[in-house]
Structure formats: C-alpha cells, structure tokens
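Every number here is computed from the coordinates shown, using simple stated rules; none is lab data. Just so we're clear, the structure is a prediction, and the values are computed from it rather than from any experiment. Methodologically, a virtual Cβ is constructed for each residue, glycine included, from the backbone with ideal geometry; neighbour enumeration extends over all protein chains shown.
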Amino acid sequence: MEDEKLDINKLAGGAIEESIQFALEECFDNIKDPNTEAEKTRKLTITIELKPDETRQVIKTKTTCKTSLVPTNSITTQLLLDQNGNKIIAKELLKHDLNQLDFDEIENKNIIPMKEEVK
C-alpha cells in the first residue's frame, strides 16, 4: 500500500462526492426558495461510519449525507362554515371581494338591523 492520503472525492467511484454535491444543491435550492425564511440556518451533516473486520486490515465504510432544511412558510386563510341539512359546508372567506367584510372590520354603530321579510 502506498503512503498517501485517502481522497474522499474518489471513494466508492466518486459516489460519496456526488452524494455531498446533491445534498448541497438541496440546501442551495432551499435557500433560494422565496417561500422559506431567508436567514434561517440550513445544515448538511456528513457521517462516515468505519467498521473494521477481525484482522483490522479491511474496513467497511458507510457514508450518509443528511440535510436539515427550512420548511416553507405557513399559508393562512379563513374559512366560513355553514350547514346544509346534515352536511357541513366550508367556503374560503375571500378578502379580495369588496362586498365581503369581516365583522371585526365593522364598527357596531354601522350595523343596520334588517327587517324580516314580509310574506
């Protein structure tokens, strides 16, 4: 055996380096995603396990690349619930509809009581 340093980039036919590159690309994609918090930390963990045999001359290795990414931002909306017989119906409250208002947006003095329909 030659007395030279082991090149991790060449181990397993370059598969370890490829795995690290793939994990880095996942991190970069997550950083560029506008639906994630920009300044949160992403993490890439590389684990190399070394298991020698009885003779201590042959070592089985196992390399794992694991990423910890930032989740996408939460998306909020409001739903209105109604009931049609025994069936519950949910509809999204659309803020962009100018004819729809939240009760929180209306002062009580602006609410006009409606008369019952005359039959």
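Residues in the range 8-14 carry Karplus couplings, in order, of 4, 5, 9, 5, 6, x, x Hz; the curve used is 6.51 cos²θ - 1.76 cosθ + 1.60 with θ = phi - 60°, and Gly or Pro positions show x.
Between the listed residues Ile8, Ile59, Ile48, the Cα displaced farthest toward the positive end of the dipole of the range 8-68, a dipole computed from Cβ unit charges relative to the Cα centre, is found at Ile59. Pairs with C-alpha atoms separated by more than 31 Å, drawn from the list Lys10/Lys43; Lys5/Lys43; Lys5/Lys32, are Lys5/Lys32. For the range 60-76, backbone phi angles converted through the Karplus equation (6.51, -1.76, 1.60; θ = phi - 60°) give residue-by-residue couplings of 8, 10, 9, 10, 10, 10, 10, 10, 10, 9, 8, x, 5, 4, 5, 10, 10 Hz, Gly and Pro being listed as x.
According to the Cα-based calculation, Rg over Rh for the range 8-68 is 1.16, with Rh computed by the Kirkwood formula.
Taking amide H atoms as placed 1.01 Å from N in the peptide plane, the amide H of Asp33 has no partner under 5 Å among residues 5 or more positions away or on other chains.
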